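Since every read-out is calculated from the coordinates, none of them should be taken as a lab result. No experiment lies behind these values; they were computed from the predicted model shown. Note: ideal-geometry Cβ built from the backbone for every residue, glycine included; neighbour counts use all protein chains shown.
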Ligand SMILES: [Zn+2]
Ligand SMILES: [Zn+2]
């Protein structure tokens, strides 16, 4: 891993490794790639409001902050869009040297916040996003979204193999 610059890289040189010295930042940054899960995440380039306090402690620099972002995804039942405002808190110690497993270290004076932000956002995201907790999902026969059309029926049962084919065709046409 190597960092040089970027909106999530902070130079801690001004803290001078003096315990108790701190610096705060308020920034709006563009979301990096991969912020979230496949089904739900923060779109790359969308704004993230970041509040960060960097504080020198004995062994390193403690990064404490909050990030506010807008996540989008799909309902796992009906595939409708789901959006959610996220406010995540994080706190992580960046060691001056010799990080162990699952520990982070500064690179020189540079602190790369991206892995911490990514973990915090992923933890905050619902793993099974739903447009509504009661979402009835899709009609198993025709793929219609049942929340839009809860009472629709099919005169004759369609052979399930054809229903699958119909769904595939509809997806292709979108
Ligand atoms: Zn839904
Ligand atoms: Zn149907």
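Quick one: 8, 62, 117, fewest Cβ neighbours within 10 Å first, how do they rank?
62, 8, 117
Please report the antiparallel percentage of the DSSP beta bridges confined to region 9-124, to the nearest 5.
So the antiparallel bridges amount to about 95 percent of the total.
Could you work out the equivalent-ellipsoid semi-axes for region 44-102, taking the square root of 5 times each eigenvalue of the Cα gyration tensor, largest first, in whole Å?
The equivalent ellipsoid of region 44-102 has semi-axes of 33, 14, 8 Å.
Of all the Cα-Cα pairs you can form in the chain, what percent are over 29 Å apart?
Counting every Cα pair in the chain, those more than 29 Å apart make up 41 percent.
Given an 8 Å cut-off on Cα distances and at least 6 residues of separation, report the relative contact order of the chain as a percent.
Contact order relative to length: 19 percent.
Can you tell me the orientation of helix 114-124 relative to the chain, as the angle in degrees between its alpha-carbon axis and the longest Cα principal axis, to the nearest 10?
Between helix and principal axis, roughly 40 degrees.
As I understand it, the value is the acute angle between the Cα axis of helix 160-173 and the longest principal axis of the Cα atoms of the chain; what does it come to in degrees, rounded to 10?
Roughly 60 degrees between the two axes.
Can you bin every Cα-Cα distance in region 73-151 into 10 Å intervals starting at zero and give me the percent of pairs per bin, rounded to whole numbers?
With 10 Å bins starting at 0, P(r) equals 16, 31, 19, 17, 12, 6, 0.
Can you pull the semi-axes for region 1-43, root of five times each eigenvalue of the Cα gyration tensor, sorted largest first, whole Å?
Largest first, region 1-43 gives 29, 13, 10 Å.
Could you please state, rounded to a whole Å, how far the C-alpha centre of region 19-54 is from the C-alpha centre of region 127-151?
33
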